[in-house]
Amino acid sequence: MDQGTHFLHLLENQIDITRVPFSARGSRLLVYQEPGQSHLLVKLAERLICLDPNPEAYLRRLPFIHTLGFTNEASEPLEFDVFTSPDVLCFQTQLGDFNLAFQDNHTLAIGLPPGKTTGIRFHVNPEMWTRSDVGGEIKSVRNFAYRTNGEMLRNQVTPEEVGYSVEFLVRAGEDRTITLRIDPSFDLAHEPLPFSLVRAGAMEHWQKWFNLAPPVDEAYRKTYAYAWWVLGCNLLSPFGKLGFESTAPSKSTYIGIWLWDSAFHAIAYRHINPALARDQIRAMLAHQLPNGMLPDAIHDEGSVTEIDHPIPGEVTKPPILAWAALKIHQLAPDIDFLKEIYNPFVRLNYWWFEYNDDDQDGLAQYNHPYSSGLDDSPLWDDGMPVDSPDLNTYLCIQMQSLAEMAEALGMPEEAVSWRSRAEAIVNRMMEELWDEESGLFRTIHVGKPVPVITPFSLLPLWTGSLPENVRTRLIAHLKDPREFWGERVIPTVARNDPAYDPDTMWRGPVWANINYLFIEALRRVGEDALADELRDKTLKLIMDQTGIFEYYNPETGVPPLKAGGMFSWTAAVFIDLAIQASKRP
């Protein structure tokens, strides 16, 4: 049995479609089962700001299709048990099995029980319906068609207050299909294929995808397979403003692509498809602003560069793309790619120091909490702007990465300059942010240290340029079980800090991407045994759950209710760490 087939078997019934969607590489269609119900719904992984300019309105939008269920000859609903796999959903009913798979990115195919008269019923919504005191609005920008290659017996469409209810009854011979197509085009013509061909195509796609993955030790294999499913499922095809195939953090909760998420996605993709990894970088750089800033996020209809909450302002994300790009190059060298991205990263570095250093002290600042990526961290509770050790560490790593790129491109003088500037920012952090009494780097707001202890006070370890006594004190904080160490690490606020909240986003939960940065930092300063321990704790934390989540409670290991499922950067981190762990001597 090849690895692709083995991974498909490992993932049988591992995808809980009441919590995460069944989807396909490139598609924006998401299929869910309503919890406790024998019917499905179909959502769109699209923002559609043409309907509502609020950038988060998609989170509240009704499903495009809901109460999609299977019926008998009398159009009575059939109860089902669902069997899931990456390539197909099987719905077991008293009349036989209905199956669902993707015929293409816009088309769902439902395979019918052979020789039976059965059908489907469902409700189609417009994408937006609002009621007001003086009337209402109904808007739609996506079109819908349904077809069958069976013998159609009933096709009843009933207008309702909002949308339409449809009953569709078919006498099925062998290998008959009903298709549901959702498309921005008015040309909805398509041919329903025999379901056996649809399923074979879906299976072949996932087998090929999984076969690309490097082998890992058996202990990691089941979660590793799920992680590759997450990344494959969260890929979005180029459309509109999204110029490259690229990865959503989670199609279910974050629509579009985000800046620093893309760095972690690229790190995983470099193991199977360096070109796809590079496209994660290109997709963000394609939207660089004239002043050098990179957007916070990009979606089909545009980019997010400003947000009005909790304060209005420009929004970006931490500058770690150059670091990820260099990792791709180290595994799969491509000088032409370095030539392509070098100047955009130079402009980005310029933007951080030119537009984000109000006091001209040589340290960059955050002007909006969301630019940190740590949206609701207590570090920002006192307000903005702040000089923060994490941001200036990222900028140091960015300039060190630019130095290596400059060397590879035959520009030794520029490489020397970048290294000198990277060293200078470490010196400035020591002068302005280091607190000798506590042995921590502090975030500074209006000239005063923010009295919250987080692992980001330790992140300058990653620069590899700190004095030995400073490194020793930072590592002591990291290993202290009263603060950060323990069975589940690293909490994003120290356990003994009054602001610690293990269930609230960046106020305590463990994030795998932050652990990954600290594993890199520890290796850089020669703490390999501690890095291995942190790696193994991170892998175990993720493996202890049946899904892959945005963040985890550091006391229980359980993802809090608001933690997103099928989360791409957690999957990407798991993949890279499992590959590292499987190369032990």
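A single entry from R131, R121, R147 fulfils the requirement of being of a type outside the set (A, V, I, L, M, F, W, C) and at pLDDT 95 or above: R121.
Evaluate region 202-211: report whether one residue or more is among the aliphatic types (A, V, I, L, M) and farther than 25 Å from F98 by Cβ.
no
Going through (1) over 25 Å from the mean Cα position of the chain (by Cα); (2) of a type in the set (G, A, S); (3) surrounded by fewer than 21 Cβ atoms within 10 Å (Cβ to Cβ) one by one, A57 falls short only on (1).
Where in region 188-275 are there helices (runs of 4 or more DSSP H), lying wholly inside it, with at least 3 residues that are more than 26 Å from E12 (Cα to Cα) and at pLDDT 95 or above? Reasoning before the result, please.
On the way: elements: 195-211, 221-233, 259-269.
In region 188-275, the matching helices (runs of 4 or more DSSP H) lie at 259-269.
Tallying residues that are among the small types (G, A, S) and in contact (Cβ under 8 Å) with a residue 60 or more places away in the chain within region 507-560 yields 4. Looking at region 203-225 only, could you name the residues that are surrounded by 20 or more Cβ atoms within 10 Å (Cβ to Cβ), farther than 10 Å from Q3 by Cβ and not β-branched (V, I, T)? W206, W209, Y220, Y224, listed by residue number. Scanning region 418-447 for residues being assigned to a strand (DSSP E or B) and free of Cβ contacts under 8 Å to residues at least 12 places away in the same chain gives a total of 0.
Just to verify a result, which residue in region 479-522, among those that are β-branched (V, I, T) and in a loop (DSSP other than H, G, I, E, B), is surrounded by the fewest Cβ atoms within 10 Å (Cβ to Cβ)?
We begin by selecting, within region 479-522, every residue β-branched (V, I, T); these are 489-490, 492-493, 504, 510, 514, 519.
Filter once more, keeping what is in a loop (DSSP other than H, G, I, E, B): 489-490, 492-493, 504.
Values: V489: 21, I490: 24, T492: 26, V493: 27, T504: 18.
Applying the filter and picking the extreme gives T504.
Collect the residues in region 355-396 that are without any contact (Cβ under 8 Å) to a residue 40 or more places away in the chain and either over 15 Å from I311 (Cα atoms) or among the β-branched types (V, I, T) (or both), keeping them in residue-number order. If the condition is that a residue be without any contact (Cβ under 8 Å) to a residue 40 or more places away in the chain and either over 15 Å from I311 (Cα atoms) or among the β-branched types (V, I, T) (or both), then N356, D357, D358, D359, Q360, A364, Q365 are the ones that fit. The requirement of being under 24 Å from K208 (Cα atoms), surrounded by fewer than 24 Cβ atoms within 10 Å (Cβ to Cβ) and in the same structural domain as G547 (by TED's automatic domain parsing) is fulfilled nowhere in region 248-263; no residue meets it. Would you call K339 surrounded by fewer than 18 Cβ atoms within 10 Å (Cβ to Cβ) and either charged (D, E, K, R) or not assigned by TED's automatic domain parsing to the domain that holds A268 (or both)? Considered against the rule, which asks whether it is surrounded by fewer than 18 Cβ atoms within 10 Å (Cβ to Cβ) and either charged (D, E, K, R) or not assigned by TED's automatic domain parsing to the domain that holds A268 (or both), K339 comes out as yes. Selection over region 51-74 of residues that are in a loop (DSSP other than H, G, I, E, B), out of contact with any strand residue (DSSP E or B) (no Cβ under 8 Å at 6 or more places or on another chain) and under 19 Å from D308 (Cα atoms) gives a count of 3.
Any chance region 292-299 includes a residue that's modelled with pLDDT of 95 or more, charged (D, E, K, R) and not in a helix (DSSP H, G or I)? Taking every residue of region 292-299 in turn, at least one turns out to be modelled with pLDDT of 95 or more, charged (D, E, K, R) and not in a helix (DSSP H, G or I).
Scanning region 300-336 for residues that are crowded, with 22+ Cβ neighbours inside 10 Å, in a helix (DSSP H, G or I) and β-branched (V, I, T) turns up just one, I328.
So that you can scan it fast, the table gives a plain yes or no per residue for (1) among the basic types (K, R); (2) in contact with a Pro (Cβ under 8 Å, 6 or more places away or on another chain); (3) buried (at least 20 other Cβ atoms within 10 Å of the Cβ):
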position	(1), (2), (3)
V525	no, no, yes
K537	yes, no, no
G557	no, no, no
K562	yes, no, no
I579	no, yes, no
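Among the numbered conditions (1) outside any loop (DSSP other than H, G, I, E, B); (2) in contact with a Lys or Arg (Cβ under 6 Å, 6 or more places away or on another chain), the only one that G362 does not meet is (1). Residues of region 98-118 that are without any contact (Cβ under 8 Å) to a residue 40 or more places away in the chain and either touching a Pro at 6+ places or on another chain (Cβ under 6 Å) or not in a strand (DSSP E or B) (or both): none at all. Scanning region 560-582 for residues that are more than 18 Å from K251 (Cα to Cα) and outside any helix (DSSP H, G or I) turns up P560, S582.
Residues being outside any loop (DSSP other than H, G, I, E, B), surrounded by 20 or more Cβ atoms within 10 Å (Cβ to Cβ), assigned by TED's automatic domain parsing to the domain that holds R142 and not aromatic (F, W, Y) are entirely absent from region 9-28.
Within region 387-417, being acidic (D, E), part of a helix (DSSP H, G or I) and closer than 15 Å to Y366 by Cβ holds for one residue alone: D390.
Among the candidates M411, M384, M429, the residue that is in contact with a Pro (Cβ under 7 Å, 6 or more places away or on another chain) and either surrounded by fewer than 21 Cβ atoms within 10 Å (Cβ to Cβ) or basic (K, R) (or both) is uniquely M384.
The values are calculated or read from the model by the stated rules, or taken from the named source; none is laboratory data. Everything numeric in this text was worked out from a predicted model, so none of it was measured. Don't worry about glycine lacking a Cβ; one is built from the backbone with ideal geometry, like all the others, and counts go over all protein chains shown.
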